[in-house]
Amino acid sequence: MTFSIIDISHHQNEPDFAAMKAGSDVVGVILKATEGPFYVDPTFKSRREAARNAGFKVASYHFLKRGSVAQQMLHYLDVVHPARGERMIIDYEDPPCTLDDLRAAVKFLWAQADLDLQVTVYGGSKLEADLGNQRDELLAKTSLWTAQYATTRPNWSTATWPVWTLWQFSDKGRVAGLNGPVDVSRFNGPVENCLTWFGPAVPVAQPVKPEPVGDVVVAITLPPGVTVEFFVNGEQYRG
């Protein structure tokens, strides 16, 4: 089974999500929400509602700019109002941005302990060049959405991410319900895993340990002349 994920912003024409659902292999939509410390994509909220109503999984991304990272992440959170366990994506491609900016953004989102957010990093040649072959322990805890066009196989910083999760392989995709080209991505796994990846993640219930009990007294009445053998904590008894 083949399926696709698209990402759109105000640059794309208004989608007909019902037609897209009926006539394409798209299962998920990623929407631009914010950029820098102030910008809001004017199409984000209406398209998020329309895509969800059509039955699509939906995630959002923030286009990261250099500096003022805490302000940017607060802005992103204030616009998206994410549910607990929601997937949130940091777009790392602005040339002045540094890995320290990216790390600070990831840390800030994860610091929202009550939200338990799932974080993904999006990037292409800049991310690969900045990271090189070094392993970044913080970023390794995120998932990777890599952008590589006109290739049969993506390149990415494998020391940090042994595998990619999403691969944006074209910016010239065509799907039903949308006039004009669109970014198209592939998920690294079956559709069931893709839908789970979008989330929101559901917390796993922890097993409840039974409370310890005190001494247990067992009374056994035997007929006259009858004896039994029994063991308690490995000790043998006869009675």
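The values are calculated or read from the model by the stated rules, or taken from the named source; none is laboratory data. Predicted, not measured: the structure shown is a model, and the values here were computed from it. We place every Cβ from the backbone using ideal geometry, glycine too, and count neighbours over all the protein chains shown. Please note that ligands, DNA and RNA were not included when accessible areas were found on the heavy atoms of the full protein model with its side chains. Shrake-Rupley method; radii C 1.70, N 1.55, O 1.52, S 1.80 Å.
Along region 39-52 the Karplus relation, 6.51 cos²θ - 1.76 cosθ + 1.60 evaluated at θ = phi - 60°, assigns HN-Hα couplings of 6, 10, 5, x, 9, 4, 5, 5, 6, 4, 5, 5, 5, 5 Hz to successive residues, with x for each Gly and Pro.
Per-residue extension of 0.36 nm, minus the Cα-Cα distance of Ala22 and Phe38, leaves a gain of 2.2 nm for this segment. Each semi-axis of the equivalent ellipsoid for region 1-102 is √(5λ) with λ an eigenvalue of the Cα gyration tensor; in descending order they amount to 26, 14, 12 Å. Count Lys and Arg as plus one, Asp and Glu as minus one, and take only other residues whose Cβ is under 11 Å from that of Arg66; the net charge is then -2. One Cα centroid belongs to region 114-147, the other to region 53-97; the line between them spans 14 Å. Exceeding 31 Å between C-alpha atoms, which entries from my cross-link table qualify? They are Lys45/Lys107; Lys21/Lys107; Lys107/Lys172. With Cα atoms farther than 31 Å apart: Lys21/Lys107; Lys107/Lys172. In the full protein context, region 56-109 carries 36 Å² of accessible surface per residue, based on a 1.4 Å probe and ignoring ligands, DNA and RNA.
Each label point was placed 7 Å from the Cα along the Cα-to-Cβ direction; for Ala113 and His11 their separation is 3.9 nm.
Converting phi to 3J(HN,Hα) with the Karplus coefficients 6.51, -1.76 and 1.60 and the offset θ = phi - 60°, region 17-28 yields 5, 5, 5, 5, 5, 7, x, 9, 9, 6, 10, x Hz in sequence order, with x at every glycine or proline. Label point 7 Å out from Val163 along Cα-to-Cβ: which residues of region 1-35 have amide N under 13 Å? Residues passing the 13 Å test: none.
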